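**Q** I'd like to ask some things about the structure below.
The values are calculated or read from the model by the stated rules, or taken from the named source; none is laboratory data. Since the structure is predicted, the reported quantities are computational estimates derived from the model, not experimental observations. We place every Cβ from the backbone using ideal geometry, glycine too, and count neighbours over all the protein chains shown.
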Amino acid sequence: MPHDCSRPSTEADIYAFDARCVAKRFRHAAIFGALSALQPGETMRFCNDHDPIPLLHQIGDHFGDKIKMAYISREPGEIVIDFLVCA
């Protein structure tokens, strides 16, 4: 059976987004595009090599209460944040 990238990689509607694999000049556009594509109840699990504080402020300003953010890991070199789309 072929892989269906339109479905999450886990049963909990969590889509992985590893920013470390995206060229720096495209990261913010790719992240905003991915967040915009999510449906209510879906989560994007974001992985990065640094804590993206300015990006988090931009996401909050752009999406407001539509996106909830929660750190999963804040280890140096391995930042993981869940972005949940609210209804």
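**Q** Got a sec? Which of Ala30, Ala37 is over 10 Å from the mean Cα position of the chain (by Cα) and at pLDDT 95 or above?
**A** Details: Ala30 fails: over 10 Å from the mean Cα position of the chain (by Cα).
Of the residues listed, the single one that is over 10 Å from the mean Cα position of the chain (by Cα) and at pLDDT 95 or above is Ala37.
**Q** Still on this structure: I'd like the full set of residues that are within 20 Å of Ala87 (Cα to Cα) and either of a type in the set (A, V, I, L, M) or touching an Asp or Glu at 6+ places or on another chain (Cβ under 6 Å) (or both), limited to segment 25-40. Give the steps one after another, and end with the answer.
**A** Restricting attention to segment 25-40, the residues satisfying the condition of being within 20 Å of Ala87 (Cα to Cα) are 31-40.
Scanning segment 25-40 gives Ile31, Ala34, Leu35, Ala37, Leu38.
**Q** I need a count of the residues in segment 5-17 that are at pLDDT below 95, part of a strand (DSSP E or B) and not aliphatic (A, V, I, L, M).
**A** The number of residues fulfilling the criteria is 1.
**Q** Let me ask something else about it. So Ser73 passes all but one of these: (1) part of a strand (DSSP E or B); (2) surrounded by 14 or more Cβ atoms within 10 Å (Cβ to Cβ). Which condition number does it fail?
**A** (2)
**Q** Oh, and also: Would you pick out the residues in segment 41-74 that are closer than 15 Å to Cys86 by Cα and free of Cβ contacts under 8 Å to residues at least 24 places away in the same chain?
**A** Result: Gly60, Gly64, Asp65, Lys66, Lys68, Met69, Ala70.
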